[in-house]
Amino acid sequence: NDELVYTEAYREAFLSDAGLSELLAGAPYIESVFYDGEVAQVESDEYVEIGNAGAGSINLEGYYIMGSQGEEKFTFPSIDLAPGDSIKVYTNEGDYNFESEDAVWSNAGETVYLYDADGTIVDEYNW
């Protein structure tokens with residue numbers, strides 16, 4: 001119920017003295033990681049899916065994805081992500097990818113981090 005979301009957001013803004021626009025802004029998070037690709041050897045179809053759980057759109061420009069091994073990094077260009085939408089960043093497929101010729105994610109386990117443009121971790125995903 002959108003009305004309830006905005007009512008709760010308004011209440012939170014009032015109580016915390018934060019701006020309503022900040023609370024209604026998008027909230028990106030790591031929705032899923034497909035770390036064991038089906039393409040032999042290179043696993044180019046691996047991906048990290050970033051979703052927007054907020055009530056407003058968010059521009060992902062400058063946000064970036066890195067893993068705990070520190071060898072991989074993808075920085076988002078200017079992309080508006082609407083509420084409830086998601087975007088997949090592949091190893092080496094599609095419009096948004098790491099441009100890696102090898103598998104990016106460890107099948108044995110790893111942590112993927114989502115950073116905002118200021119370098120603050122906003123979410124992490126472990127397996």
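The values are calculated or read from the model by the stated rules, or taken from the named source; none is laboratory data. What you are looking at is a predicted structure, and each value in this text was computed from that prediction instead of being measured. Here the Cβ positions follow ideal geometry from the backbone for every residue, glycine too, while neighbour counts run over all protein chains shown. Surface areas here come from the heavy atoms of the whole protein model, side chains and all, with no ligands, DNA or RNA. Shrake-Rupley method; radii C 1.70, N 1.55, O 1.52, S 1.80 Å.
In a shell of Cβ-Cβ distance under 10 Å around N107, excluding N107 itself, what net charge do Lys and Arg (+1) and Asp and Glu (-1) give?
After counting each charged neighbour, the total is -4.
For labels at E31 and N59 in the simple 7 Å Cα→Cβ model, what's the distance in nm?
2.2
With a 1.4 Å probe and every protein chain left in place, work out the accessible area per residue of segment 45-127 in Å², rounded to a whole number.
49
Grab the other residues whose beta carbon is less than 11 angstrom from that of E61, score K and R as +1, D and E as -1, and report the net.
Net charge in that neighbourhood comes out at -2.
Taking square-rooted eigenvalues a ≥ b ≥ c of the alpha carbon gyration tensor, is segment 88-127 rounded, prolate or oblate, where a/c under 1.5 means rounded and, failing that, a/b exceeding b/c means prolate?
Oblate is the answer for segment 88-127, as a/c is 1.5 or above yet b/c matches or exceeds a/b.
How charged is the neighbourhood of E38? Take every other residue with its Cβ under 10 Å from the Cβ of E38, and add Lys/Arg as +1 and Asp/Glu as -1.
Result for the neighbourhood of E38: -4.
Quote the FRET efficiency, to the nearest 0.05, computed for V42 versus D80 with a Förster distance R0 of 41 Å and r equal to the Cβ-Cβ distance.
Result of the calculation: an efficiency of 0.85.
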